[in-house]
1. Taking the range 41-69 only, how many residues are surrounded by 14 or more Cβ atoms within 10 Å (Cβ to Cβ) and small (Gly, Ala, Ser)?
2. Can you tell me which residue in the range 47-68 is nearest to the chain's Cα centre (by Cα), limited to those that are aliphatic (A, V, I, L, M) and farther than 9 Å from residue 19 by Cβ?
3. Consider the range 36-69. How many of its residues are in contact (Cβ under 8 Å) with a residue 24 or more places away in the chain, charged (D, E, K, R) and assigned to a helix (DSSP H, G or I)?
4. Run residue 38 past the list (1) at pLDDT 95 or above; (2) surrounded by 14 or more Cβ atoms within 10 Å (Cβ to Cβ) and report the number of the one that doesn't hold.
5. Looking only at the range 64-83, filter to residues that are in contact with a helix residue (DSSP H, G or I) (Cβ under 7 Å, 6 or more places away or on another chain) and within 23 Å of residue 15 (Cβ to Cβ); which one of those is modelled with the lowest pLDDT?
6. Looking at the range 70-80, can you tell me whether even one residue there is free of Cβ contacts under 8 Å to residues at least 12 places away in the same chain, assigned to a helix (DSSP H, G or I) and surrounded by 12 or more Cβ atoms within 10 Å (Cβ to Cβ)?
7. Restricting the range 22-35 to residues that are of a type in the set (Gly, Ala, Ser) and either loosely packed, with under 14 Cβ neighbours inside 10 Å or in contact with a Ser or Thr (Cβ under 9 Å, 6 or more places away or on another chain) (or both), which is farthest from residue 80 (Cα to Cα)?
Amino acid sequence: MSHRPGDAIGSRREARETALGLLYAAHSRGVDPLEVLAEQPVPPEPYTVQLVEGVAGHIQELDELIGSYSEGWSTGRMPAIDLV
């Protein structure tokens, strides 16, 4: 089977989009991203899993970092998509 030159890039882009969707779903439901990941009927691509696990392992640090750079906005006031 031959692959086109852009296949790997497209696949990683799709994995990032899937990870963003899973992180958004977890944030919206107020659950751990790993729970949403485990609920998927079809296992996501390994890169998607890697991204979600990486974020899940550093949520507190990421929220603090975002909060430290947001002038006049607490993370509680930010739209969910800006936080994931």
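The values are calculated or read from the model by the stated rules, or taken from the named source; none is laboratory data. No experiment lies behind these values; they were computed from the predicted model shown. Cβ atoms come from the backbone with ideal geometry, glycine included; neighbour counts cover every protein chain shown.
1. Qualifying residue count for the region: 2.
2. Among residues in the range 47-68 that are aliphatic (A, V, I, L, M) and farther than 9 Å from residue 19 by Cβ, the one nearest to the chain's Cα centre (by Cα) is 56.
3. So the count comes out to 0.
4. (2)
5. Applying the filter and picking the extreme gives 83.
6. Within the range 70-80, none of the residues are free of Cβ contacts under 8 Å to residues at least 12 places away in the same chain, assigned to a helix (DSSP H, G or I) and surrounded by 12 or more Cβ atoms within 10 Å (Cβ to Cβ).
7. Taking the candidates together, the pick is 30.
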